[in-house]
Amino acid sequence: MSQTTPPTVDALPSAPSTSSPSTFATLADAFLAALLTFRTQLVALGSNVYSNAVDCYNNAVAAAQSASDASGYSTSASGSATAAAASAGAPAWVSGTTYAQYAAVMSKVDYRIYRRITASGSGTTDPSADTTNYTLVLAGAFPFMHVREQQASGTTGGSSAAGFQTRVLNTTVGSNTISGASLASNMVTLPAGTYDFEARAPAGYNIVTSHQLVLRNNTDSTDILVGETAYPAATGPNVYAECGGRFTLAATKVVYLNHYTNASGSDGLGKAASSGKGEVYSSLKIWRVS
């Protein structure tokens, strides 16, 4: 705002009157002289009023443009959030629409991603306020299961075979939060859904010279994903083959780690550290993403 204070306009002296002939000439001279100053002050006042009016108009135009820009930024932010949610596989939530358990949706209130935690259903409350049916998606918020082979200190991973063998998975680490998932006899049962996983298993050096890890569907006798080929170095003790990615199951299936080693031999599935802390060999981490 650049408006200036209006200039001062002096009061005019008393005007002459024919009813007082004795003072008429004196008052007339003073009044006429004051009119010249009064005119100059009125011109300055008019210029000031006009300048302030123009400045107010310009400020109003700028304020309207700022409001429009702010609205545009808000729309842009909303659009960006929507695009980000879409790219993450989370469509905008729609009132009354039925969503499956574990489905991810974007709130139209805060543009954050929420996952349905109860059975398939619909509702009219935005996920940001529906804590009964939805949870905010954060790092590590996906249902998770971690299984691995744990042995007593000094116990090796076992002898390798020239070919494929089922890796031991005998321990669930922490809490299994994937509903319907379980571990038994080296096999992991998973309900229908989409999963991300990370798997690794070792081979002992100077015994196995190449190996590869596969996540296999035991129910259908098919490979789910084949991992990278690994080559143990001349110094060891163990080199890990790894496998990871995303897969979808249309129905409940049993999966396991199928490990190829090119040679048979004692300790071929992993040499022991004998640290007194126990031995850990094969490992499988699973996240249910939908």
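Every number here is computed from the coordinates shown, using simple stated rules; none is lab data. It should be emphasised that the depicted structure is a prediction, and the values quoted were computed from it without experimental measurement. Please note: Cβ atoms are built from the backbone with ideal geometry, for glycine as well, and neighbour counts cover all protein chains shown.
P(r) of the range 173-290 in 5 Å steps, Cα pairs, percent per bin?
Over the range 173-290, the share of Cα pairs per 5 Å bin runs 2, 11, 20, 21, 17, 13, 9, 5, 1 percent.
What is the local net charge at L257, summed over the other residues whose Cβ is closer than 12 Å to its Cβ (Lys, Arg +1; Asp, Glu -1)?
On the way: positive: R148, R167, R200, R216, K285; negative: E149, E198, D223, E242.
With Lys, Arg at +1 and Asp, Glu at -1, the net is +1.
Would you mind computing, in nm to one decimal, how far apart the modelled labels at L225 and S153 are, each placed 7 Å from Cα along Cα→Cβ?
The modelled label-to-label distance comes out at 3.5 nm.
Using the Karplus curve 6.51 cos²θ - 1.76 cosθ + 1.60 with θ = phi - 60°, what ³J(HN,Hα) values do you get for each residue of the range 96-103, in whole Hz, with x for Gly and Pro?
Result, ordered by residue: x, 7, 7, 10, 6, 4, 6, 5 Hz.
Sort 243-252, 12-21 for me by packing, meaning the mean count of neighbouring Cβ atoms within 10 Å per residue, highest on top. Can you show the working numbers first?
Numbers: 243-252: 13.7, 12-21: 10.7.
Most protected by this proxy first, the peptides run 243-252, 12-21.
If each of D55 and T5 carries a label point 7 Å out from its Cα toward its Cβ, how far apart are those two points in nm?
Rounded to a tenth, the inter-label distance reads 1.3 nm.
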